[in-house]
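Just so it is clear, none of the values below were taken in a lab; they were calculated from the coordinates. Remember, predicted model here, so these are calculated numbers, not experimental data. Neighbour counts are summed over all protein chains in view; Cβ atoms, including those assigned to glycine, are modelled from backbone coordinates with ideal geometry.
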Amino acid sequence: MECIFCKIAEGKLPADFVFKDGDVFAIRDAHPMAPTHILIIPRKHIPSLVELSGDPAGNGTSNSVLISKMVSTAVEVAEKVSLSKRGFRLVWNCRADGGQTVEHIHLHLLGGRQMKWPPG
Ligand code: 5GP
Ligand code: ZN
């Protein structure tokens, strides 16, 4: 399967890992949009949030548990890279209008500068 994040998960493409376990991993974004920009990615290939729909993850972990784990991992990684005190932003881009460019679900952790609202 031609999926960049699956290839990174399998060790077939290099990445700057900040965290990894059996379910999820976190890597520094190749084109950072903030001083700290990290992606939290599940090992399981799910194209977008639209495809979640409560299906079992196939490894005994439901997708809702996986999403919850991605969020808690993002918060733990934020603590690890010293973003907790100042704060940070978590972003899910979904499909075309959401600005999703890689069709393997991922959570952006952005920090190190004041974020703007409304987002672009
Ligand atoms: P999306 O636009 O789908 O929400 O986010 C995809 C993110 O993946 C982008 O921020 C992009 O810079 C990042 N990205 C794309 N290809 C690679 C890669 O090969 N390695 C890393 N570390 N990040 C990537
Ligand atoms: Zn994938």
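Using θ = phi - 60° and the Karplus curve 6.51 cos²θ - 1.76 cosθ + 1.60, what whole-Hz ³J(HN,Hα) does each residue of region 95-103 get, with Gly and Pro shown as x?
6, 4, 5, x, x, 6, 10, 10, 8
How do H104, H31, H45 line up, fewest other C-beta atoms within 10 Å first?
Listed from fewest to most nearby Cβ atoms, that is H31, H45, H104.
Once fully extended, how much extra length lies between S84 and M33, figured as 0.36 nm per residue of separation less the alpha-carbon to alpha-carbon distance?
Length difference between fully extended and current span is 16.5 nm.
Which cysteines in the chain lack any other cysteine whose Cβ sits under 4.7 Å from their own Cβ?
C94, each lacking another Cys Cβ under 4.7 Å.
With only alpha-carbon atoms in the gyration tensor, what are the semi-axes of the equivalent ellipsoid for the chain, in Å, largest first?
Rounded to whole Å, the semi-axes are 22, 16, 15.
Quickly rank 37-44, 11-18 as a protection proxy: mean count of other C-beta atoms within 10 Å, highest first.
Packing order, densest peptide first, comes out as 37-44, 11-18.
Students often forget the sequence filter, so: which aspartates and glutamates lie under 15 Å Cα-Cα from K44 once same-chain residues fewer than 8 apart are removed?
Straight-distance partners of K44: E2, E10, D21, D23, D55, E103.
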